1. To the nearest 20 debye, what charge dipole does region B:308-381 have about its Cα centre, counting +1 at the Cβ of each Lys and Arg and -1 at the Cβ of each Asp and Glu?
2. With 10 angstrom as the radius, rank A:Ile124, C:Ile299, B:Ile349 by how many other C-beta atoms surround their C-beta, starting from the fewest.
3. Using Cα springs under 10 Å in a Gaussian network model of chain A, which residue among A:Ala46, A:Ala143, A:Ala279 shows the largest mean-square fluctuation?
4. Within 10 Å of each Cβ in A:222-229, how many Cβ atoms from other chains are there, averaged over the peptide?
5. Would you calculate the convex hull of the Cα atoms in the protein assembly as shown and tell me its volume per residue in Å³?
6. For chain B, what is one quarter of the convex hull surface built on the Cα atoms, given in nm²?
7. Provide the convex hull volume over Cα atoms per residue for region B:366-444, in Å³.
8. Among C:199-210, B:288-299, what's the highest-first ranking by average C-beta atoms within 10 angstrom per residue?
Amino acid sequence: MAFLLEVLIGGLLAGIMYTMVALGFVLIYKASGVFNFAQGAMVLFAALTFVTLSEHGLAFPWALAASVAVMLALGVTIERVVLRPLVNAAPMALFLATLGLAFVLEGFAQLIYGTQVHGLELGISDAPIRSLPIEVSKLDLFAAGVAAALVAALGVLFQTTRAGVGLRAVADDPVAAVAVGLDLQRLWAIAWGGAGVVALVAGLLWGARVGVQFSLSLVVLKALPVLIIGGFSSIGGVIAGGLIVGASEKLAEVYVGSHVGGGIETWFPYVLAVGFLIARPTGLFGERLVERV
Amino acid sequence: MSRSRVSTFFSVFGAALLATACRSRTDASPVGGGTVAAGGASPATVAAGNEQYFPLQSYRVGPYAAGGSGFFGGFIDYMQLVNIRDGGVNGVKLTWSECETEYVVERGVECYERLKGGLNGAPVAATNPLSVGIAYATIDRQTADKIPLITINHGRTDSTDGRVFPYVFPISLNPYSEISAIVNYIGQREGGLDHLGGKKVAVLYHGSPYGKETQPIAELLARKYGFTVTHIEVPHPGTEQESQWLQIKRLAPNWIILRGWGIMNPVALKTAAKIGFPVDHIIGNIWSNSEEDVIPAGPAAIGYVAITTHPSGRDFPVLKEVDKYVLSAGKGNMSDPKRVGTGYYNLGINNGILNVEAVRVAQAKYGNKPLTGEQVRWGFEHINIDEKRLNELGAAGLLQPIKLSCSDHEGGGAVRFVQWDGTQFKRISDWVKADRPLLRPIIEESSTKYAKEKGITVRDCDGEAQL
Amino acid sequence: MSSNATAWPSSSDVNEAAASTSRPLRQTLRIAAFILCAGAVVSLPFLVTDYVLSAILVPVLALALAGTGQNLVTGYAGQLSVGSAAFMSVGAFATYDAHLHVPGIPLLAAFVCGGLAAALTGVFFGLPSLRIRGFYLVVSTLAAQFFVEWLFTKVGWFSDYSPSGVITAPPLAVAGFDLSSPGGHYWLSLLVVAPLVALGRNLVRGRVGRAWMAVRDMETAAAVVGVRTGRAKLLAFGVGSFYCGIAGALWAFAYLGTVESHGLDLDRSFQVLFIVILGGLGSVAGPFIGAAFVILLPILLDQVGSAIVGGSVDPGLLQNVEKIVFGALVILLLIKQPAGMARLFYIASIRIGRWRARPA
């Protein structure tokens, strides 16, 4: 029983890590309807920026501030240079453009920062807290805390600030948003800049977990089932999706996987997502598609 | 840009692509950092065409770039050393060019096809792709083209049997020898192989054919020595290993053998620390033994043990020579000089030593001139590096004694064990041998099956030896 | 207007270009041109080097065939699929197993077996399309991608229990002709690809193709007027995956000579998607242009790079620059001409026709 709980809690915490990456997707999709496959490359770029600045002697708060500035600038630049010209393009073309963008970012990151592997220390160890009945690592708890704070901040942003309400309006109906005079370009820039900062947070947490190297961009593959289960445009959905994916994949790996030789974690979340979609074709919390003929 | 200009641009572009496709391949130009006929010899005596060429299917970009840049950096630096210090191999300069594969199989194949004709008349000696996938894809081609394929420390295990694979050389260590040596070491640590009975060993492996390769041997050894072995898979890429290590925690093995690759390694060590498994009972295999594998794990990696056939360090005589002749002259290949002497770099040095030795041995038979792949293959098969030769090469302790033959393309099969102390890998053992006689029949079974499938006639090594 | 219009040029453009020659002469010229082209294509092994044959032409043909399959599913039927590499993998392994376990089976029959296995897999993973629409559908083919990779690594039977899980191709021979030379590989690929593409072309111009396009453009309306949308979608998945399966068999047998379970991975699926979108969704020549672009571009960049900087630049740096250039070119192409390069060439040919037909 204790083992089951351990696996479950471990899965939930892993799910929170996936949610961190997925949040960036949601921000961009909510604002501009684009599925940003380059988010993984942005996570990598952000982590490399921070790590390189730290290794060159910058103290933690300064490195963090500088990285935030860099990612904001990057997000805004991407929106201006890549997305603005592609405003009315088909979703497939947009998706592939972000794929091309991922290539550019990866090449750029390796060009500037090199290809060495780096360790990332946030000052919080991954060692388990032994006083609890079930061992949970401090880093996991910290990540959960940061995720909660980030989600709360985004929630506040969307509900109270003008930009946030504007983004919700754009997600609802872009044409109507323009009609009432919202500055679409500015809102998109904010969304992309925000996604850049979220990528930095995800990059720092994941980097502390696995180190900073090229494969860090692969974390995006787990974000996709999270988004599909939770819906592409709902923050609450993404959290739910993350927890569901994390818990179920770990439980499946341990209890089902041991009978078939293991390794089912790669495809299980996707099969789960298919199952969810068959029941609810637009995701748990996504908007219902209304089709007019 | 107006639409017509864009159309024109792409039409010209398309024409350029076609032109690229049609260009003849015999005069392939070098890509990137390879120097052609470098060194201090006066131009008048270096005749065009008195060079031996090594095409390098390197990877300096992508997920495995850290390892690739180290390996090819070391290899190139060693060849520079031979050129600068010795004037080449008996006067024949070494030349090379790089072709980026990004560790992708078909790019490795394309690079091979593009460069196999030689460089400016210099014939190809051998290829060293450092990639299992590329090796598999080029085995048939290289056998038909008669160009040796060197897969140091990896590759098809059954290519050890040179009677079926005349042109493939898994020099110094094949996957079966790896695991056998590790089990022998575990036996040593337990006080003798007979003390292994009743112990639990878990093998945490990368979810790929490479990771699975040694399963049958692990089970064979478990039956022989009486320990239980459990195989646990980490799906690629291995950024999340929570469930695997929870299973390990429940299993509570005495030892863990780590068959990792890339990011899986540091994550394994960190997750081990998280669940409280003692890191000095984790033994990493040959692809989990580099600085790049432990640095991201931070303090969780201190005490981790791994095997190596190429211990890190700059105190070996050959590395001091590289320092003196190549690095001080500013001709070093590594962009970060701190990486000289690390694991992958030293693997490159060892690889360079072996490739150059093969050329040297072949020249003794065929003459001091640029050699064909077939001749260099003879050289590889007659490599006999003993302790005395190791001292001459300045690689005692860095490279193991290696003797290849027609039927044995591995030659070594011994490893040293190193332990990470937070800043470097310290050597904690001498050469530990694998149980090669036990493994040979299994290898031959696999190679004979392959020969039958492909219709290959098995070579008669004794017959050839008499020629 | 924006450069994103997808309507083809009006008939007056075409007439203008063609006004100068008479009809029967044009017909004869077209047949002659076709025969000349076909002859040139078939006799290429005598004209180009082995390198071009085995490292450029064969992979381009194999990828173009995969692109054609992808085109049918995504371009004509509008079903988003990113699992083409998984279907290629199924085709490769199934062809290998058919060849292994059915003694004496002709090579082409083994290919067909591979294609059928892939088609069945495609239909299975395409079943969710009956219920899920739009971008969400990618999850089903993504599941296929990861599941197939896992299956072929885990279950040793598929790779004949080889310890490394890698399959190697048997010697290639069709009807007694030995095809193991680079030229032979090329002819095999041509023999397989040409009829399939012709078949595909006929398919999309017929009833089936029209049903697919109806499903793509207005699915609800199509169902209302009686098009059997469910059947059309599954047929698209089946046929598209059949093509991908045979492309995978070609890739493994005629090109690399080997394949492992992770060799045809998500990156490859994206590559096939690139080929189709860059070449032109919904066009027959598109996949060929796209495949040529994707294969030749890195080589071209290599040559240009080394020509510009000589031998004195760190190859890693050069490689990263090439990656950036590749991504930037893709983005540029998508911005300027989202209908793909086939359309660009079409426009170019129209303009050449206009230029030549200009008043003297």
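1. 160 debye
2. Numbers: A:Ile124 15, C:Ile299 20, B:Ile349 27.
Ascending Cβ contact count within 10 Å gives the list A:Ile124, C:Ile299, B:Ile349.
3. A:Ala279
4. 2
5. On the way: hull volume 204.1 nm³, N = 1120.
Hull volume over Cα atoms, normalised by residue count, gives 182 Å³.
6. Numbers: hull surface 103.1 nm².
Computed as one quarter of the Cα hull surface, the answer is 25.8 nm².
7. Roughly 155 Å³ of hull volume per residue.
8. Working: C:199-210: 15.2, B:288-299: 25.0.
So the order, starting with the most tightly packed, is B:288-299, C:199-210.
Values quoted throughout were computed directly from the atomic coordinates according to the rules given, and no laboratory measurement underlies them. All of these numbers come straight from a predicted model, not from anything done at the bench. Positions of Cβ are generated from backbone atoms using ideal geometry, with glycine treated the same way; all protein chains shown enter the neighbour counts.
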